[in-house]
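Visitor: Structure below; questions to follow.
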Amino acid sequence: MTTYTNKPSPSNWLKWFDPRHRDTGTWAFILNRITALGLTFYLFLHLIILSQLAQGPDAYDSFLELAKTPIIVIGELLVIVAAIYHGLNGIRIGLTTFSETSNIQKTVFYFFILITVIGSLIFGIRMFTA
Amino acid sequence: MSTQKWKVTFKVHRQKANNSPNYDEYKLEVDPEEYVLDAVERIWAFHDRSLTFAHACHHSTCGACGMRVNGVEKLTCITFIHEIAKNGSTIKIEPLRNFPVISDLVVDMSTLYSGMEMVGQRPIVPLSEEPATSDIKPVKAKDGDYIRLSDCIECGLCISACPVATTTSGYFGPAILAGARQASINGGAETLKLVDCADGVWRCHSAYECTEVCPSFVEPGKKIMQLRRAVLRSRIKSLFGSRN
Amino acid sequence: MIETKSIQKPDEAAGLWLLKVLLGVLIIIILTIHLIVNHFIGEGALLTWQDVVDYFANPWIVFMEITFLVVVVSHSLIGMRSIILDLNPSKGTMKIVDWVLSIIGVVSTVYGIWLALKIASFSV
């Protein structure tokens, strides 16, 4: 029988990031995927930038001046927030896989969001008042 | 039944043959205590006989009437209009996601049905294997044990809601994995081997949308996690001895 | 259709998934150590080239950072592979993806180890 549209397709990938009409777990999934992509981008960027270190004090220290600009500091804070959230959701996934805790996955998510916010505030305050 | 009448606009997804989908609007007077399916039926009966939709039992047993109502997967025969709308609202009615559309609100769910058969999901199970989460009447089988109809009604809402099923038709999906869990709950090494693959239990990303939309207490998300543990136990057993 | 290819290619999905989780746990541990240890250097941050060189003078630090590198790069690439798998690639495409990811992994690791040892060598 001929059928049309609505089929699963890789071109639907944008829908991964659409939280409309969806519940808490989808937020966990969306944030996990976004932080994964963000952290991966940061990882390889970081590795490339660190090559400055091998070029001696002048190259590295002048780069560090750049690193003190507000945009970069905000970027670094975002990396920290992303890492905290991604790690905690990873724990949520491990927890629900290896123990019978699927029924409290939402509560676990909310709790981990709280920790992420608290952690972000702590690091944020330290970074901007240093 | 209350005597109150609401004026509600229904925006219904229409698609015939190779034409692009569009939405038709129908203004109805409805009793808020009616179900969304009742309204769809009335649209078909009194407004447009070309509207195609699936329905059968009208009491959440057959799984035929699953649709997206205002974007959320619902079993329309048990979704009160007052649950999802107010007087004067617009209700959007669309077919389930992630299944090919045959016509209007009807999708092709044959992959779901064949998948269930493939993993050996049983429509009738011993009560001991599937404890009742709701008030059901178990029946005594010939050998004296109690049996019941399995919770899963194969409505497909879970697959529609799953983010992974949106981009890949290869993924077994929550319904079938929950079915595999039911089939293998007392062993079933073959079933476990079947789901122990990249497109099986390991594809899930714990969004738990399946559990959110399931109208029948199946909790597919939880079942997938239980299935993962069963798969790992079976693997460990086979490392140290024979698979059971 | 649950394409029959998914039955034909079981993939070492379980192994990679478990590895991803294990690496994740290691990242949490090592990252914590990394943050704590950084805190005791200089004014709580490696703010000059000299600070970094002094930090890498300690062979335990070199060991920790290299381990961190391997663990993070592996976790990240296995994760990227998972995302690509969600897009239902063909067997052939996946073979190419696996090669590309493996090469990125090896190159980053070799480069990272070289860099760590180079910085460590500045204080010899």
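The values are calculated or read from the model by the stated rules, or taken from the named source; none is laboratory data. Predicted, not measured: the structure shown is a model, and the values here were computed from it. Heads up, the Cβs are rebuilt from the backbone with ideal geometry, glycines too, and the neighbour counts pull from every protein chain shown.
Visitor: In this structure, is A:Ile113 more than 9 Å from every other protein chain (Cβ to nearest Cβ), hydrophobic (A, V, I, L, M, F, W, C), surrounded by fewer than 17 Cβ atoms within 10 Å (Cβ to Cβ) and not in a loop (DSSP other than H, G, I, E, B)?
Guide: Here the answer is no, as A:Ile113 does not meet what is asked.
Visitor: Moving on to the next point. Considering segment C:88-124 alone, what residues qualify as being surrounded by 15 or more Cβ atoms within 10 Å (Cβ to Cβ), of a type outside the set (S, T, N, Q) and over 23 Å from A:Pro57 (Cα atoms)?
Guide: Scanning segment C:88-124 gives C:Pro89, C:Met94, C:Val97, C:Leu101, C:Ile104, C:Gly105.
Visitor: Name the one entry in B:Lys27, B:Lys16, B:Lys7 that is touching a residue at least 24 places away in the same chain (Cβ under 8 Å) and over 20 Å from B:Val101 (Cα atoms). Let's see the steps before the verdict.
Guide: On the way: B:Lys27 fails: touching a residue at least 24 places away in the same chain (Cβ under 8 Å); B:Lys16 fails: over 20 Å from B:Val101 (Cα atoms).
Going through B:Lys27, B:Lys16, B:Lys7 in turn, the sole match is B:Lys7.
Visitor: Restricting attention to helices (runs of 4 or more DSSP H) lying wholly within segment C:3-114, give those where 1 or more residues are modelled with pLDDT of 90 or more and within 11 Å of another protein chain (Cβ to nearest Cβ).
Guide: It comes to C:13-39, C:59-85.
Visitor: Restricting the search to segment B:176-206, which residues are crowded, with 24+ Cβ neighbours inside 10 Å, of a type in the set (D, E, K, R) and over 22 Å from A:Phe29 (Cα atoms)?
Guide: B:Arg181
Visitor: Just give me the residues in segment B:1-52 being over 23 Å from the mean Cα position of the chain (by Cα), within 22 Å of B:Gly88 (Cβ to Cβ) and hydrophobic (A, V, I, L, M, F, W, C), in sequence order.
Guide: Across segment B:1-52, the qualifying residues are B:Met1, B:Trp6, B:Val8, B:Leu28, B:Val30, B:Ile43, B:Phe46.
Visitor: Ok, one more. From the list A:Thr35, A:Thr101, A:Thr107, A:Thr24, exactly one residue is touching a residue at least 60 places away in the same chain (Cβ under 8 Å), polar (S, T, N, Q) and more than 7 Å from every other protein chain (Cβ to nearest Cβ). Which is it?
Guide: A:Thr24
Visitor: Here's a check for you: in segment A:62-75, which residue that is surrounded by fewer than 15 Cβ atoms within 10 Å (Cβ to Cβ) and within 11 Å of chain C (Cβ to nearest Cβ) is nearest to A:Trp13 (Cα to Cα)?
Guide: That would be A:Ala67.
Visitor: Which of the numbered conditions does B:Arg181 fail, given that it passes all the others? Conditions: (1) away from chain A (no Cβ under 14 Å); (2) farther than 26 Å from A:Ser9 by Cα.
Guide: Checking B:Arg181 against (1) away from chain A (no Cβ under 14 Å); (2) farther than 26 Å from A:Ser9 by Cα, the one that fails is (1).
Visitor: I need the full set of residues from segment B:230-244 which are part of a helix (DSSP H, G or I) and more than 10 Å from chain A (Cβ to nearest Cβ), in order please.
Guide: Hits for segment B:230-244 are B:Ala230, B:Val231, B:Arg233, B:Ser234, B:Arg235, B:Ile236, B:Lys237, B:Ser238, B:Leu239, B:Phe240.
Visitor: Among the residues of segment B:28-63 satisfying the criterion of being part of a loop (DSSP other than H, G, I, E, B) and in contact with a Cys (Cβ under 7 Å, 6 or more places away or on another chain), which is surrounded by the most Cβ atoms within 10 Å (Cβ to Cβ)?
Guide: So the residue we want is B:Gly63.
Visitor: Next question, about the same structure. Given (1) under 23 Å from B:Cys214 (Cβ atoms); (2) touching a Phe, Trp or Tyr at 6+ places or on another chain (Cβ under 9 Å); (3) of a type in the set (A, V, I, L, M, F, W, C); (4) crowded, with 19+ Cβ neighbours inside 10 Å, where does B:Val69 come up short, assuming only one miss?
Guide: Tallying (1) under 23 Å from B:Cys214 (Cβ atoms); (2) touching a Phe, Trp or Tyr at 6+ places or on another chain (Cβ under 9 Å); (3) of a type in the set (A, V, I, L, M, F, W, C); (4) crowded, with 19+ Cβ neighbours inside 10 Å, B:Val69 fails exactly one: (2).
Visitor: If you go through segment B:47-59 one residue at a time, do you hit one that is within 13 Å of another protein chain (Cβ to nearest Cβ) and of a type in the set (S, T, N, Q)?
Guide: Yes: segment B:47-59 contains one or more residues that are within 13 Å of another protein chain (Cβ to nearest Cβ) and of a type in the set (S, T, N, Q).
Visitor: Can you tell me which residue within segment B:184-229, out of those that are over 29 Å from B:Arg68 (Cα atoms) and part of a helix (DSSP H, G or I), is farthest from the other protein chains (Cβ to nearest Cβ)?
Guide: B:Ala189
Visitor: Does B:Ser128 satisfy the condition of being part of a helix (DSSP H, G or I) and surrounded by fewer than 20 Cβ atoms within 10 Å (Cβ to Cβ)?
Guide: It is false that B:Ser128 is part of a helix (DSSP H, G or I) and surrounded by fewer than 20 Cβ atoms within 10 Å (Cβ to Cβ).
Visitor: Now, a different point. Please pick out the residue among B:Asp104, B:Asp151, B:Asp145, B:Asp135 that is within 14 Å of chain A (Cβ to nearest Cβ) and among the acidic types (Asp, Glu).
Guide: On the way: B:Asp151 fails: within 14 Å of chain A (Cβ to nearest Cβ); B:Asp145 fails: within 14 Å of chain A (Cβ to nearest Cβ); B:Asp135 fails: within 14 Å of chain A (Cβ to nearest Cβ).
It is B:Asp104.
Visitor: Working carefully through the options C:Val124, C:Val107, C:Val97, find the one that is on the phi < 0 side of the Ramachandran plot and touching a helix residue (DSSP H, G or I) at 6+ places or on another chain (Cβ under 9 Å).
Guide: Exactly one of C:Val124, C:Val107, C:Val97 is on the phi < 0 side of the Ramachandran plot and touching a helix residue (DSSP H, G or I) at 6+ places or on another chain (Cβ under 9 Å), namely C:Val97.
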